[in-house]
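J.: My questions will all concern the structure given below.
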Amino acid sequence: MMRPFLLSSLSLFLPLFVFCQPKTFSVDGKVVDTAGQPLGGASVFCQNTTIGTLSKNDGSFHLRLANGGYDLIVSFTGYQTESLRIGKEHKETDTLRVVLKPEDKSLEQAVVTGSAEVADGWEKYGQFFLDNFIGTTPNAAQCVLENKDVLKFYFYKKRNKLRVKASDPLIVTNNALGYKIRYQLDSFVYDYNGNIGSYTGYPLFEALQGTPDQQDTWKQNRLYSYSGSRLHFIRSWYDSTLAEEGFVLEFADSGTTQMKKIEDPYDGTIYSRDSGDVEIDLSGRLRVSYTSQVPDKKYLLENKYPLTTSAQISALNILGGFVIEENGYFYDQADVTNIGYWSWKKLAELLPYDYVPE
């Protein structure tokens, strides 16, 4: 008479055991220079999140992160910035030792001497920089660059190319989404010959404190920006919910332009799950249509598309596949380039990896 009771009791505890599995992991480390001396006050943060700290006087730091992947950025004035990819496979007993090297001033000097700095750079290129860095979306109009004086503009006449550098991290207040963004600009380049611009850097988000009405507005705006975004798409592919979320995929192999609908984006030849991570085995152009939200009218007008366009159409140029982790982080991101609607939505629409829609 006791055996059925014991079995049923055990079955009650099994779901509880699964539910209680840890969903976070901690990262401990120490920041030192090349001589092994600790660097106190170094900035340590996971880029594109709200998670960051400063190293203590002995160079040590501690972070607790939700399961997923991150680029851990460590920077200190006068030293080269270090980036380390970390994830839930990181052993909490391991202590990271991050060695920062002094900045190479000769490279900086080459930039200055190779192309004269534009004296009235902000007046000549400031708005152009904002349009290509923060964007031209409706949210961009509510973004403020707080420290434009840290920007330096260089123009290469022979190459017809603009380069922008920043002596300190850029501070951007996004009053539309309710974030203050500390953006460590690594590179901004615009090639006028091909009308192609690109920028790289390390953003750290801080949620603004506002009134209840402001919080409600930010909540709605964040959800609107998230819907159909690349982060939304990547998470949906990880969760196997692409169709339910409104995404349609087409693909063209490298060297061809013929797009073909992917009927099963979870087919074992392109989609596999290993230890909680999802591997996408594709190389070429992936076109992504988001059918649950129409494109912004401003985007259609700027690009002279029909105002009756019913889907947001973006594309990814993929060099050799990528791996998705559960928070929507994927690697290697340098091998994936945005085209179309996602490339129009720049910093003003960016949400941190630790954003979760309610």
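J.: Calculate the spin-label point distance for Ala141 paired with Leu96, positioning each point 7 Å from the Cα along the beta-carbon direction, and give it in nanometres.
T.: 4.0 nm
J.: Whole-Hz ³J(HN,Hα) for each residue in region 335-341, computed from phi via Karplus 6.51 cos²θ - 1.76 cosθ + 1.60 with θ = phi - 60°, x for glycine and proline: what do you get?
T.: 8, 10, 10, 7, 9, x, 4
J.: In this model, which of Lys165/Lys297; Lys23/Lys91; Lys304/Lys345; Lys148/Lys298; Lys297/Lys346 are farther than 21 Å apart at the alpha-carbon?
T.: Correct reply: Lys165/Lys297; Lys148/Lys298.
J.: Under the classification rounded if a/c is under 1.5, otherwise prolate if a/b is larger than b/c and oblate if not, where does the chain fall, given a ≥ b ≥ c as square roots of the Cα gyration tensor eigenvalues?
T.: It is oblate, given that a/c is not under 1.5 and a/b is not larger than b/c.
J.: Let me ask something else about it. Would you work out what percent of the accessible area of the chain, with all protein chains in place, is carbon or sulfur (probe 1.4 Å)?
T.: Exposed carbon and sulfur together represent 52 percent of the surface.
J.: Take the alpha carbon atoms of region 159-190, find their center, do the same for region 52-90, and report the distance between the two centers in whole angstrom.
T.: 21 Å
J.: Now for a different question. Once every DSSP H run of n ≥ 4 in the chain is given -39500 (n - 2.57) and the sum is divided by its residues, what mean residue ellipticity at 222 nm do you get, rounded to the nearest 500 deg cm²/dmol?
T.: -6500 deg cm²/dmol
J.: For a quick protection proxy, order the peptides 131-142, 52-63 by their average other-Cβ count within 10 Å, most packed first.
T.: 131-142, 52-63
J.: Classify region 220-358 as rounded, prolate or oblate, taking a ≥ b ≥ c as the square roots of the eigenvalues of its Cα gyration tensor: rounded when a/c is under 1.5, otherwise prolate if a/b is larger than b/c and oblate if not.
T.: oblate
J.: What residues qualify as long-range amide H neighbours of Ile51, i.e. H under 5 Å apart, gap of 5 or more or another chain, H built at 1.01 Å from N?
T.: Cys46, Phe205
J.: If packing is taken as the mean number of other Cβ atoms within 10 Å per residue, what is the order of 89-95, 325-331, 288-294, highest first?
T.: Ranked by mean Cβ neighbours within 10 Å, highest first: 325-331, 288-294, 89-95.
J.: Among the GluC sites (Glu not before Pro) within region 224-314, which fall in a DSSP loop and have no more than 10 other Cβ atoms within 10 Å of their own Cβ?
T.: Here the GluC sites (Glu not before Pro) that fit, given the DSSP loop and packing criteria, are Glu263.
J.: What's the FRET efficiency of Glu89 with Gln209 using the Cβ-Cβ distance as r and R₀ = 51 Å, to the nearest 0.05?
T.: 0.90
J.: I need the phi-derived Karplus couplings for region 64-73: 6.51 cos²θ - 1.76 cosθ + 1.60, θ = phi - 60°, integer Hz, Gly and Pro marked x.
T.: Whole-Hz 3J(HN,Hα) from phi for region 64-73: 10, 10, 5, 3, x, x, 8, 9, 7, 10.
The values are calculated or read from the model by the stated rules, or taken from the named source; none is laboratory data. All values reported here derive from a predicted model rather than from experimental measurement. Cβ: placed from backbone, ideal geometry, glycine included. Neighbour counts: every protein chain shown. Surface accessibility is based on the protein's heavy atoms, side chains included, excluding ligands, DNA and RNA. Shrake-Rupley method; radii C 1.70, N 1.55, O 1.52, S 1.80 Å.
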